[in-house]
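The values are calculated or read from the model by the stated rules, or taken from the named source; none is laboratory data. Keep in mind that what you see is a predicted model, and the values were worked out from it rather than measured. When we count neighbours, we look across all protein chains shown, and the Cβ atoms used for this are built from the backbone with ideal geometry, even at glycine. Surface areas here come from the heavy atoms of the whole protein model, side chains and all, with no ligands, DNA or RNA. Shrake-Rupley method; radii C 1.70, N 1.55, O 1.52, S 1.80 Å.
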Amino acid sequence: MRSCWVKPFCRVLAGALLLSPVGWWGASVAKAAASVEHSPLVLDTALPTGSVHKTIGTYGFEQGNSDGWKPRGTYTQIASVTETAYGGTHSLKATARTAAWNGAELDVKPLLQPDVEYEISGYVKLDGHSAVPSMVKLTVEQQPTGGTTTWKTVAQTETADTSWIKLQGKYTFTGGMDALKLYVESSNPAQAYYVDEVEITQVSSPPTEPSSGIVSGFEDGTAQGWVSRMGAETVQVSDADARSGSYSLLTTGRQKTYAGPKLDVTATMQKGSRYTVSAWVKLAPGEQPAKVRLSVQRDHQGQSAYETVVGDTATTTGKWMHLSGTYTLAHDADTVSMYLETAEGTSSFYMDDFELSLVPPLAIEKDIPSLHGLYEGQFSIGTAIEAFQTEGAYGELVQKHFNSVVAGNAMKPISLQPSEGQFHWEEADQIVQFARQHGLEIRFHTLVWHNQTGDWMFKDKNGQPMTPTAENKKLLLDRLETHIRAVAARYKNVITDWDVVNEVIDPDQPDGMRRSKWYQITGTDYIEKAFRVTREAAGPNARLFINDYNTHEPKKRDFLYNLVRDLLAKGVPIDGVGHQSHIRLEFPAISEIEQSIKKFASLGLDNQITELDMGLYSNDTDRYETIPASMLIRQAHRYRALFDMFSRQQEHISNVTIWGTDDGNTWLSTFPIARLDKPLLFDERLKAKYAYWALADPSKVPPLPAGNNE
């Protein structure tokens, strides 16, 4: 997709988001093979500083029974045995497994409390060698009250060995649960396994009840918890100006663009909950116009991540400007703070009437037609999601309306390998597991891109920025291959379609090639290398795509066409073209999109619509506080015309993916500027819009406003 990626997460990974891996790959196999009895592999063993440490349950099976564990699976059998043990003389053996999720399970609902962190560990040993390594996991099946069953991986590792392996990880859940079942699974269902010395430990105290929101109006003459973020700037209450009442908060003496007023909101926010955020800003007298934005800093286990809630908003000395947006706390955090900053410069500014409030729980409409069912037999219907959208109402929406998913961010290069050799799989794995549990196809986005790739990829052996030399070219192509092989090794059997390279065309260049660092160092060799390696690593059944935006524009379309044609002539394994399709209400013409699909189909290629949304604005400057109903009606009719065209071209299209689940989770809320936009089929409350009904039942959509025709 274009420019900054998805939703309010434009700055997360650039701001050094580090995910704690639930499993690690290449090195784990070698270590497993070299391990000996009682020399376990350990995952995620560190306890948080200052945590409680209370043992909730231990299971050693020394009494010759199953200690409350039960068989999982129709034919599975479990028994306490003395054939082998990690501790003592007994272990629990699971046999007659017929599926990966079969084995031994324990009802842990009576043991666990919501919003409390637990550490769960156990030792597992495979029964007999296998030529194919097995992925062994500790998993919790969650059945939320009134919700849909989900599965959460606590810890995992891959091994081909038969030594005892320790699995250890953290687990927490939110909300009411009808059932919680801890179980051990193994990707090789033909293989029995042993489990021993399982321990569940509480490592955090039950949370205090959070407040439902925060209001800062400063009318008591205090800063109401707001402080200087960097320490050098001055943050103080002022009566020189105010949007309402007599006081506002004035920040002066800023030395950095990211310096400004900060408020700790940790006690108010809960993971998985969504909040509306609002603040009014105005520049101090004498300042030149500036762009102000509202951001979040999350700190977790010593690492900080930064997210934009409300993007750059043009602000002056003459008018109070409203910063308004929504934010979902989607990741673990020890502390969360909100702050104001500027895109450039260090202008002094006022802030007033800040509000943070909890959005009521979401619920989907269960009695409306399934979106993917409307196009059964034509093409699959997908959506882009983040890991948090595999649970709760978002998870229900995805299961009901889509039969394909793509990771909005979690599988991009910097998400999976932020530093060389350090792979972070947790969020990508969560999406993959969710898709597999619910029978959804998975698109991979993306293996190679000029954005969202760690800077380390383009550093030479001395840590300096690469220059175009033969040595650097080899190094970069070797790193590309290593990344692709690691990713494909993990997901080759579950992911169907792969965006191999993304956005390589720049129609303003004489040869049409984007002058990315990839191109500067390797020419077009990186494209050919990426496809050939992916074919080898992902297997012959994987479908490989080259993905780009604005493929409807004749000049860009033709450059891409010529590139793909030439690569195919060289035997490069390309199966299809991905058309991102970030379109707007006014343009492009649907006929232009159709012509592009036909042109690439003439090469014998598949076409996929990979990132579809429909922005309501015709330019990059307009902003509505409330979207006119007439625009949503026009949007609906245009969506209908677009999907009618897709149906006409169904023999050339295998998938149509919507870029986001709902209007509350769209990258267009911050790009190209911060503004209200509603580009998708479901609104921010997950309710069907006219755009949805235009596809499901056009009789529910009002006619086009006078003077508008698609």
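Residue pairs whose Cβ atoms lie under 9 Å apart, sitting 6 or more positions apart in sequence or on different chains, and linking a residue in the range 520-535 that is open to solvent by 20 Å² or more (accessible area, probe 1.4 Å) to a partner that is among the polar types (S, T, N, Q), are Q520/T467; K529/T522.
Candidates in the range 602-619 are the residues that are under 16 Å from D548 (Cα atoms) and open to solvent by 10 Å² or more (accessible area, probe 1.4 Å); of these, the one that is farthest from the chain's Cα centre (by Cα) is L605.
Evaluate the following for Y692: is it of a type in the set (F, W, Y) and either outside any loop (DSSP other than H, G, I, E, B) or open to solvent by less than 40 Å² (accessible area, probe 1.4 Å) (or both)?
Details: of a type in the set (F, W, Y): yes; either outside any loop (DSSP other than H, G, I, E, B) or open to solvent by less than 40 Å² (accessible area, probe 1.4 Å) (or both): yes.
Here the answer is yes, as Y692 does meet what is asked.
The residues on offer are G463, G454, and the sole one that is without any contact (Cβ under 8 Å) to a residue 24 or more places away in the chain and either open to solvent by less than 10 Å² (accessible area, probe 1.4 Å) or over 22 Å from T534 (Cβ atoms) (or both) is G463. Criterion first (within 27 Å of T266 (Cα to Cα), modelled with pLDDT under 85 and not in a strand (DSSP E or B)) does G128 satisfy it? Considered against the rule, which asks whether it is within 27 Å of T266 (Cα to Cα), modelled with pLDDT under 85 and not in a strand (DSSP E or B), G128 comes out as no. When each of G122, G175, G147, G169 is tested for being at pLDDT 90 or above, within 24 Å of the chain's Cα centre (by Cα) and small (G, A, S), the lone residue that passes is G169.
When residues in the range 87-105 are screened for being closer than 10 Å to V195 by Cβ and within 32 Å of the chain's Cα centre (by Cα), 2 of them pass.
I'd like to check something: does the range 436-451 contain any residue that is acidic (D, E), under 18 Å from D497 (Cα atoms) and not in a helix (DSSP H, G or I)? Step through it out loud before you land on a result.
Initially, the range 436-451 is screened for residues acidic (D, E), giving 441.
The next check asks that each one be under 18 Å from D497 (Cα atoms); those that pass are 441.
Add one more test, that the residue is not in a helix (DSSP H, G or I), and what stays is 441.
Checking the range 436-451: at least one residue is acidic (D, E), under 18 Å from D497 (Cα atoms) and not in a helix (DSSP H, G or I).
Considering only residues that are touching a helix residue (DSSP H, G or I) at 6+ places or on another chain (Cβ under 8 Å) and not small (G, A, S), which ones fall in the range 398-420? Matches in the range 398-420: V398, H401, F402, N403, V405, N409, M411, P413, L416, Q417, E420. Here the condition is being more than 29 Å from A470 (Cβ to Cβ) and not β-branched (V, I, T); of D525, D508, D497, it holds for D497 alone. Scanning the range 402-420 for residues that are without any contact (Cβ under 8 Å) to a residue 60 or more places away in the chain and either assigned to a helix (DSSP H, G or I) or within 28 Å of H450 (Cα to Cα) (or both) returns V405, A407, A410, S419, E420.
Residue pairs whose Cβ atoms lie under 6 Å apart, sitting 6 or more positions apart in sequence or on different chains, and linking a residue in the range 329-355 that is closer than 30 Å to T172 by Cβ to a partner that is basic (K, R) and surrounded by fewer than 16 Cβ atoms within 10 Å (Cβ to Cβ), are L329/K271.
Are any residues in the range 210-250 under 20 Å from T346 (Cα atoms), touching a Gly at 6+ places or on another chain (Cβ under 6 Å) and free of Cβ contacts under 8 Å to residues at least 40 places away in the same chain, and if so, which ones? Before the answer, list the steps.
Restricting attention to the range 210-250, the residues satisfying the condition of being under 20 Å from T346 (Cα atoms) are 226-238, 240-241, 248-250.
Keeping just the survivors that are touching a Gly at 6+ places or on another chain (Cβ under 6 Å) gives 229, 233-234, 237.
Across the range 210-250, the qualifying residues are E233, T234, V237.
What is the residue count in the range 176-187 for residues that are open to solvent by 40 Å² or more (accessible area, probe 1.4 Å) and either out of contact with any strand residue (DSSP E or B) (no Cβ under 8 Å at 6 or more places or on another chain) or polar (S, T, N, Q) (or both)? Before the answer, list the steps.
Residues of the range 176-187 open to solvent by 40 Å² or more (accessible area, probe 1.4 Å): 176, 178, 181, 187.
Then drop every residue that is not either out of contact with any strand residue (DSSP E or B) (no Cβ under 8 Å at 6 or more places or on another chain) or polar (S, T, N, Q) (or both), which leaves 187.
Number of matching residues: 1.
Return yes or no: is Q156 at pLDDT below 95, part of a strand (DSSP E or B) and within 33 Å of the chain's Cα centre (by Cα)? Break it down stepwise before answering.
Values: at pLDDT below 95: yes; part of a strand (DSSP E or B): yes; within 33 Å of the chain's Cα centre (by Cα): yes.
Yes, satisfied.
In the range 502-513, the condition of being assigned to a strand (DSSP E or B), closer than 22 Å to Q417 by Cα, modelled with pLDDT of 95 or more and touching a helix residue (DSSP H, G or I) at 6+ places or on another chain (Cβ under 6 Å) is met by no residue.
How about the range 69-110: which strands (runs of 3 or more DSSP E) wholly inside it have at least 3 residues that are in contact (Cβ under 8 Å) with a residue 12 or more places away in the chain, open to solvent by less than 80 Å² (accessible area, probe 1.4 Å) and under 21 Å from M177 (Cα atoms)?
103-107
Across the range 530-580, the number of residues qualifying as under 16 Å from L603 (Cα atoms), of a type in the set (A, V, I, L, M) and out of contact with any Gly (no Cβ under 8 Å at 6 or more places or on another chain) comes to 7.
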